[in-house]
Amino acid sequence: MDRIYLDYAATTPLDKEVLEKMLPYFSENFGNADSPHAVGRAAMNAVDDARDRLAAALNAKPSEIYFTSGGTEADNWAIQGGAYAQKELGKTHIILSAIEHHAALASAEKLEREGFSITYLPVNGQGVVEAESLRAALTEKTGLVAVMYANNETGAVQPIKELAELARANGSLFFTDAVQAAPYIPLDVKALGVDTLSLSAHKFYGPKGVGALYVKSGVKMKGYIVGGEQERGLRGGTTNVPAVVGLSAAYLKKEGGMYEANEKIRALRALFLHELSNLDGVTVNGDEKGLPAVLNLRFEGVRNVDLLYNLDLQGICASAGSACASASIKPSRVLLAMGLNEGEVRESVRFSFGKLTTEEEIRWTAKLVKEVVCRLRGQKK
Ligand code: PLP
């Protein structure tokens, strides 16, 4: 084992069968899906097919699915496009959970600079938004509520159905970022009752740089990227045909194997915790009801940067939180929102498991973690 990858929440490897389905659209079927000739039509057929299949899997209509360049763009679009449309109805208040991904938070900060007012919902000690706090924050000016389905740092799963219902009763749009939930939870947009929902293919063994936004029919949304008439005039830009084909194929494949994969991952997580159980001063940040694939652990008295550096030297890849922020030294705002203090946050590490993770890797990682933690604490193992 020269490298053990335990950072599946950051990204996953492209599934080989998915790659096979994408390959023809790089070369022999290279057409521009908007060209009105046979080569273009062949590309458009592939895009239509990808859209139809993804829509069916989400219990949506094909006309409710928009392809994007990834989760970040889908989040930006859902929040900004939704907010601008609501402003025309006189609604300029936005509610977001405090633990949203940077793509959502930065969108809200931009809207705030433009005159929108923003309320951030707190989370409890398990990292979960409570319905009561949303009820208290809603006003007649609230145009949009955004709460992610599962958090990328702790795996905490949010009560989306209940929150969406509250927003709907208030006449506000409800957006959920389902980027982390998608690999592990079956998504049915109708049953969830959401207005918009974002996905990113690279979290479920699809290609990077492609995502999707579901927009319920009838919901008013402003376009996001101006240019051509692609994506029904709301998102300009030549369609990335191989990526869209890959997104849809990866989503369908994960639907097929999800329960089996979840069971396997649940067992690996339990094994990891068991193997670490004779190490003192280890706590789980988050709750048991979260995604089994994400395990956020605090190692008392050990700086996460030191632990991660030492693990990396031994070939183990884990992370201090979201990949986009881990190059910086800022403490995780998700863990701070859960009530950890800065020192505790700096002792926290995220391990995330995936379908290629093995028991052997888990045992070996646990052994090394114990050795490194004890060394850093200056104790004997
Ligand atoms: N939302 C969540 C919850 C994520 O975890 C990520 C990626 O880490 C994103 C959005 C952004 O997705 P992408 O990497 O496709 O831009």
**Study point:** Karplus (6.51, -1.76, 1.60) ³J(HN,Hα), θ = phi - 60°, over region 9-22, in Hz, Gly and Pro reported as x
**Key:** 6, 7, 6, 10, x, 5, 5, 5, 5, 5, 4, 4, 6, 7
Check your understanding: What is the chain's relative contact order, in percent, from Cα pairs under 8 angstrom and six or more apart in sequence?
Key -> 22
Study note, to complete from the structure: Of every hundred units of 1.4 Å-probe accessible area on region 1-124, the number belonging to carbon and sulfur atoms, as a percent, is 54
**Study point:** Selected from Met22, Asn45, Leu6, residue furthest toward positive end of dipole (region 1-74; charges at beta carbon)
**Key:** Asn45
Review point. Taking only pairs that are 8 or more places apart or on different chains, how many Lys pairs in region 198-312 have Cα atoms under 27 angstrom apart?
Key: 18
Check your understanding: What is the pair-distance distribution P(r) of the chain, computed from all Cα-Cα distances in 10 Å bins starting at 0, with each bin given as a whole percent?
Key -> 5, 24, 31, 24, 13, 3, 0, 0
Study note, to complete from the structure: With +1 at each Lys and Arg Cβ and -1 at each Asp and Glu Cβ, the charge dipole magnitude of region 23-101 around its Cα centre, to the nearest 20 debye, comes out at 200
Check your understanding: Against the longest alpha carbon principal axis of the chain, how many degrees, from 0 to 90 and to the nearest 10, is the axis of helix 160-169 turned?
Key -> 40
Review point. Cα centroid distance between region 144-194 and region 72-122, in Å?
Key: 15
Exercise for review: Can you work out the accessible area per residue across the chain, with the rest of the protein chains kept in place, probe 1.4 Å, in square angstrom?
Suggested key: 42
Review point. Dipole size in debye (nearest 20) for the chain around its Cα centre, Lys and Arg Cβ +1, Asp and Glu Cβ -1?
Key: 200
Point to revise | aspartates and glutamates whose Cα lies under 17 Å from that of Lys110, excluding same-chain neighbours fewer than 8 positions away | key: Glu73, Asp75, Glu100
Practice item. Scan around Thr68 for amide H atoms under 5 Å from its own, H built in the peptide plane at 1.01 Å from N, and keep only partners 5 or more places away or cross-chain. Key: Gly211, Ala212, Leu213
Check your understanding: 222 nm [θ] for the chain, helices only, -39500 (n - 2.57) per DSSP H run of 4+, per residue, to 500?
Key -> -11500 deg cm²/dmol
Check your understanding: How big is region 255-323 on each of its three principal axes, counting only the C-alpha atoms and giving the largest first in Å?
Key -> 40, 24, 20
Check your understanding: For region 263-381, what % of the accessible area comes from carbon and sulfur atoms, probe 1.4 Å?
Key -> 52
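The values are calculated or read from the model by the stated rules, or taken from the named source; none is laboratory data. Since the structure is predicted, the reported quantities are computational estimates derived from the model, not experimental observations. Note that each Cβ is placed from the backbone with ideal geometry, even for glycine, and that neighbours are counted across all protein chains shown. Protein only, heavy atoms only, side chains kept; ligands, DNA and RNA dropped before computing areas. Shrake-Rupley method; radii C 1.70, N 1.55, O 1.52, S 1.80 Å.
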